[in-house]
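Asks: Please find one structure pasted underneath; my questions will follow.
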Amino acid sequence: MFTEDITAIVVDPGSLSIRAGYSGEDTPRLVMPSQVGVREEIKVPDQSQLLKDEDGNIINAEQNKMIEENKSDDKFKNYYVGESNLKIRRDNMEVVSSYMNGEVKDWDAFEKLLLDVYENQIRVQPSEYCLLISESSLHNQRQREKICQLAFESLKVPNFFIVKSGVLSCFSSGRSTALVLDTGAYSTYAVPVHDGYVLQKSVRKFDIGGEFLTEKILNNLQKEQNTRVYPRYCLQFAKEGPKKIDKYLEFPDTHSSYEKFCQLEIARDIKEQICRVDDRGLTFGEMQLERAGYELPDGNFVEFDTARSKYSEFFFAPYETLQQQQENEISQDLLGFRGMHHMVLESINYCDIDIKRQLFNNIILTGGNSLLSGFSSRLQTKLNEISPPNSKIKMIAYPATTERKFSSWIGGSILASLGSFQSLWIGKQEYQDNGEYIVEKKCP
């Protein structure tokens, strides 16, 4: 499909996970959490600094004691990166988001994440491969300059390029002009792309995504069903049975963010298995008849009826959903949100009249949240209801999970492997001559 020469590492960071792999491949080599565990620890005294005689015996005990005391007060932040590290509970380990809603939230954690991708996951040296990384479709000059600086100064990459995720999703479907509806974990973007460029003034973004459902499911279990969701690290299984709980363990020094992280993992699995978007116009009574069950890690069985579909209604009818659930408040970030179908229409309406027809004919649906059963058909129905009578709507929603979930990474893999793209890289010499400001000139 692509050139066989591996020349670049393609990285696609997201709010929940980071995708990375070689250019020219069909799927990313790794998908791992973008959250990072952080714990303040005390440095162990360096034995090499202790004064010793020729035979290795410690001398001048008083001076050595001073060295050890000074060292014991020297605290540092230890970062635990990757799924295997996050599965291990540690006292006072906080889980932080390195990247959220298109913004780098913790630069130290983000750097550790990228280093881990190279050194421990893909197991190559950053200095040996070019780096192509995706960014939010909303332009953020300071952030992209800082990522460029990180790439050349910390990772020591030979060449660098940064591309907006909406553009890469277009490339993955073989188009240069389209309207991309990217609905991920915490945010949703409606991004019009024309000839490979994002039309910034027409981009629409709201902080609503799949984790909205995850939080609702967890809240349903804890408050409506009065069920405590025990993280897996709290469970001690009996030897005689694989599912029989011997006792529930308590760890008082567990950070609240780590406990929440583990609970959300369980709620996320419930969401992916049983939640759906109602695309048949079911009544409340009909929703109650559609029951589904789930077995929690501790062996308890929970059932969901209306919760399977009612929370996802917020994606298409936010104010009606709030009224039905007797919730009077809406978060500040969601003021003006009228539904994902309205985001698409508003974005297209803000574009030039000459390309509107082309955008209506090329609506690309992408992001993990779009994989909910019934999502694409409901979106198609709602768009048909509100669109102008003479507009022909064509939606591109790949049935394969991989293409829908990783479209931005796949687009980057295609782009970085093209022969015509190789002259567009920002080289190390260019960076040294111009600094990080070169990224605004060479990366649209």
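The values are calculated or read from the model by the stated rules, or taken from the named source; none is laboratory data. From a predicted model like this one, the values you see are computed outputs, not experimental measurements. Note that we place each Cβ from the backbone using ideal geometry, even for glycine, and neighbour counts take in every protein chain shown.
Asks: Going through N92, N120 one at a time, which residue ends up being surrounded by fewer than 19 Cβ atoms within 10 Å (Cβ to Cβ), in the same structural domain as S15 (by TED's automatic domain parsing) and over 16 Å from the mean Cα position of the chain (by Cα)?
Replies: Checking each option against the conditions leaves just N120.
Asks: So the check is Cβ under 6 Å with 6+ separation or different chains; which pairs have a first residue in the range 342-370 that's in the same structural domain as T214 (by TED's automatic domain parsing) and a second one that's surrounded by fewer than 21 Cβ atoms within 10 Å (Cβ to Cβ) and part of a loop (DSSP other than H, G, I, E, B)?
Replies: As it stands, the answer is none, since no pair meets every condition given.
Asks: Taking the range 203-223 as the search range and keeping residues that are of a type in the set (D, E) and not in a loop (DSSP other than H, G, I, E, B), which one is farthest from the chain's Cα centre (by Cα)?
Replies: Taking the candidates together, the pick is E215.
Asks: Can you confirm whether the range 399-406 contains a residue that is modelled with pLDDT of 95 or more and either in the same structural domain as I133 (by TED's automatic domain parsing) or not β-branched (V, I, T) (or both)?
Replies: yes
Asks: Pick from the range 316-363 the residues that are assigned to a helix (DSSP H, G or I) and acidic (D, E): which of them is modelled with the lowest pLDDT?
Replies: D333
Asks: While we're looking at this one, here's another question. Give me the pairs, please: first residue somewhere in the range 424-438 and in contact (Cβ under 8 Å) with a residue 40 or more places away in the chain, second residue anywhere and acidic (D, E) and surrounded by fewer than 13 Cβ atoms within 10 Å (Cβ to Cβ), beta-carbon distance under 8 Å, and either six or more positions apart or on two chains.
Replies: none
Asks: If you don't mind, there's one more thing I want to ask. Would you pick out the residues in the range 259-304 that are modelled with pLDDT of 85 or more and farther than 30 Å from M93 by Cβ?
Replies: I274, R276, V277, D278, A292, G293, F301, E303, F304
Asks: Where the second residue is in a loop (DSSP other than H, G, I, E, B) and the first is β-branched (V, I, T) and lies in the range 88-108, which pairs have Cβ atoms under 6 Å and are six or more apart or on separate chains?
Replies: That search, which allows pairs on different chains as well, returns V96/D106.
Asks: Among the listed residues E286, E303, E313, E250, which satisfies the condition of being surrounded by fewer than 18 Cβ atoms within 10 Å (Cβ to Cβ) and part of a helix (DSSP H, G or I)?
Replies: Result of the check over E286, E303, E313, E250: E286.
Asks: How many residues does the range 93-117 contain that are more than 14 Å from P13 (Cα to Cα) and touching a helix residue (DSSP H, G or I) at 6+ places or on another chain (Cβ under 8 Å)?
Replies: 4
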